[in-house]
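S.K.: Take a look at this one; I'll ask things after.
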């Protein structure tokens, strides 16, 4: 092989390796964020990088190693690594294809029983062949086929054919365009083999494989990322539905319980409360059914309606003060109302002389802040872990705040002193909401 051809292979290899490294770094970060969802594609890039590096070293030894015998040994080592990485790459591609098609056909696509055994046998056979020449031998200038060369090709074809069997079997589930992209993994390396026969010298195979990976990244991987984002969004919305379905019965129970108590104490007041409650449901049911963030002013209206119903039960024993300095932001529905309910149920209700709830909002540099403070009986913070009604309700609220608004909830309480709940909603965060 001429020095000029070595220079060409090294130059093209360095460029391809740089592309591979850039993709590897980017994919490593995405893989971390996606919690391993891109694992197979990341591994394909890694093995491809190893193959390209092996080619660069093999051709580089022609320049830097003067001892021909040592040069051949080092080239053998480089090609041994290349062969081994190539078969592991093929096996990974089989699993990548199965995983990709599984995401569309609705069932788990299983790899063939021979996939791993063939990979192991042929990877080690080619690795050993780099030194004993049974399949292919490099004499320092060119490759010489060994006595088992034809048999040595069988394993690679068995692995390459497998993904296309998946594509054909599940063709109704795989987009035609993506099926063609998967086919490029066979077509482009085959083109490299043909070119090598016409114009021998350049190392076509690893570069053709890299081209296939780039095509896959720009089409199949992009599509997978979009599908993953849609699935995650659907999961979050489904969780929000479940959480809201748990909250609404809790809210209805509290209001109806208040009316129930009034029925014994004051029938007229109870009748008025039922009328107010009916009006509340009529005007606010749409907001209760909403799974998206609502303006704080609307949430405050819900709280005021709830308080008016509770004051019919507690009369002068319940005082609510509003210190609203900021209201131009959005919150998950029933966020503040639940905190006020807890203040009434676990704080004011258990205090003989009643008490006061103060609802405050203000703005920090990066957050909107809502405080709900009461001077009720308070509780030991350990009670949060032991009181199921408190623990589940606040855990529920924390999840909705995090999912829908990127917010958080902090609780401070002391026995016989009262409780303070603080909600922080980030100002610059994508929230789940529609314009009302």
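S.K.: Determine whether residue 268 is over 41 Å from the mean Cα position of the chain (by Cα) and at pLDDT 70 or above. Write out each step before concluding.
M.R.: Numbers: over 41 Å from the mean Cα position of the chain (by Cα): yes; at pLDDT 70 or above: yes.
For residue 268, the condition - over 41 Å from the mean Cα position of the chain (by Cα) and at pLDDT 70 or above - is met.
S.K.: I would also like to ask the following. Has segment 83-101 got at least one residue that is surrounded by 22 or more Cβ atoms within 10 Å (Cβ to Cβ) and in contact with a strand residue (DSSP E or B) (Cβ under 9 Å, 6 or more places away or on another chain)?
M.R.: Scanning segment 83-101, I find at least one residue that is surrounded by 22 or more Cβ atoms within 10 Å (Cβ to Cβ) and in contact with a strand residue (DSSP E or B) (Cβ under 9 Å, 6 or more places away or on another chain), so the answer is yes.
S.K.: Residues that are closer than 20 Å to residue 40 by Cβ and either outside any helix (DSSP H, G or I) or outside the structural domain of residue 185 (by TED's automatic domain parsing) (or both): does segment 129-138 have at least one? Break it down stepwise before answering.
M.R.: Within segment 129-138, the first condition is being closer than 20 Å to residue 40 by Cβ, and the residues that meet it are none.
Looking for residues that are closer than 20 Å to residue 40 by Cβ and either outside any helix (DSSP H, G or I) or outside the structural domain of residue 185 (by TED's automatic domain parsing) (or both), one finds none in segment 129-138, hence no.
S.K.: Condition check: under 21 Å from residue 154 (Cα atoms) and touching a helix residue (DSSP H, G or I) at 6+ places or on another chain (Cβ under 7 Å). Does residue 100 satisfy that? I'd like the intermediate steps shown before the answer.
M.R.: Working: under 21 Å from residue 154 (Cα atoms): no; touching a helix residue (DSSP H, G or I) at 6+ places or on another chain (Cβ under 7 Å): yes.
For residue 100, the condition - under 21 Å from residue 154 (Cα atoms) and touching a helix residue (DSSP H, G or I) at 6+ places or on another chain (Cβ under 7 Å) - is not met.
S.K.: Here is a follow-up. Please indicate, with yes or no, whether at least one residue in segment 86-100 is closer than 28 Å to residue 4 by Cβ and modelled with pLDDT of 90 or more.
M.R.: yes
S.K.: All but one of (1) exposed (fewer than 13 other Cβ atoms within 10 Å of the Cβ); (2) touching a strand residue (DSSP E or B) at 6+ places or on another chain (Cβ under 8 Å) hold for residue 168; state the number of the condition that does not hold.
M.R.: (2)
S.K.: Answer with yes or no whether residue 68 is within 22 Å of residue 134 (Cα to Cα), modelled with pLDDT under 90 and either crowded, with 21+ Cβ neighbours inside 10 Å or in the same structural domain as residue 202 (by TED's automatic domain parsing) (or both).
M.R.: On the way: within 22 Å of residue 134 (Cα to Cα): yes; modelled with pLDDT under 90: yes; either crowded, with 21+ Cβ neighbours inside 10 Å or in the same structural domain as residue 202 (by TED's automatic domain parsing) (or both): yes.
It is true that residue 68 is within 22 Å of residue 134 (Cα to Cα), modelled with pLDDT under 90 and either crowded, with 21+ Cβ neighbours inside 10 Å or in the same structural domain as residue 202 (by TED's automatic domain parsing) (or both).
S.K.: Which count do you get for residues in segment 145-181 that are modelled with pLDDT under 85 and not in a helix (DSSP H, G or I)?
M.R.: Of the residues in segment 145-181, 6 are modelled with pLDDT under 85 and not in a helix (DSSP H, G or I).
S.K.: Right, next: Among the residues of segment 328-340, write down those that are at pLDDT 85 or above and not in a loop (DSSP other than H, G, I, E, B). Give the derivation first.
M.R.: In the first step, residues of segment 328-340 are kept if they are at pLDDT 85 or above; the result is 328-332, 335-336, 339-340.
Passing the criteria: 330, 331, 335, 336, 339, 340.
S.K.: Here's a follow-up. Of the residues that make up segment 26-44, is at least one in a helix (DSSP H, G or I) and at pLDDT 85 or above? I'd like the intermediate steps shown before the answer.
M.R.: Filtering segment 26-44 down to residues in a helix (DSSP H, G or I) leaves 26-33, 39-44.
Filter once more, so that each one left must be at pLDDT 85 or above: 43-44.
Within segment 26-44 (the criterion being in a helix (DSSP H, G or I) and at pLDDT 85 or above), the answer is yes, since at least one residue qualifies.
S.K.: Taking segment 297-327 as the search range and keeping residues that are farther than 23 Å from residue 348 by Cβ and either in a helix (DSSP H, G or I) or out of contact with any strand residue (DSSP E or B) (no Cβ under 8 Å at 6 or more places or on another chain) (or both), which one is modelled with the highest pLDDT?
M.R.: First, the residues of segment 297-327 that are farther than 23 Å from residue 348 by Cβ: 297-298, 325-327.
Next, only the ones that are either in a helix (DSSP H, G or I) or out of contact with any strand residue (DSSP E or B) (no Cβ under 8 Å at 6 or more places or on another chain) (or both) stay: 297-298.
Numbers: 297: 91, 298: 86.
The selected residue is 297.
S.K.: Moving on. Can you report the number of residues in segment 193-215 which are at pLDDT below 75 and either out of contact with any helix residue (DSSP H, G or I) (no Cβ under 7 Å at 6 or more places or on another chain) or assigned to a helix (DSSP H, G or I) (or both)? Spell out how you get there, then give the answer.
M.R.: Restricting attention to segment 193-215, the residues satisfying the condition of being at pLDDT below 75 are 193, 196-197, 200-201.
Filter again for either out of contact with any helix residue (DSSP H, G or I) (no Cβ under 7 Å at 6 or more places or on another chain) or assigned to a helix (DSSP H, G or I) (or both), leaving 193, 196-197, 200.
Residues meeting the conditions: 4.
The values are calculated or read from the model by the stated rules, or taken from the named source; none is laboratory data. No experiment lies behind these values; they were computed from the predicted model shown. All Cβ positions, glycine included, derive from the backbone under ideal geometry; neighbour counts span all protein chains shown.
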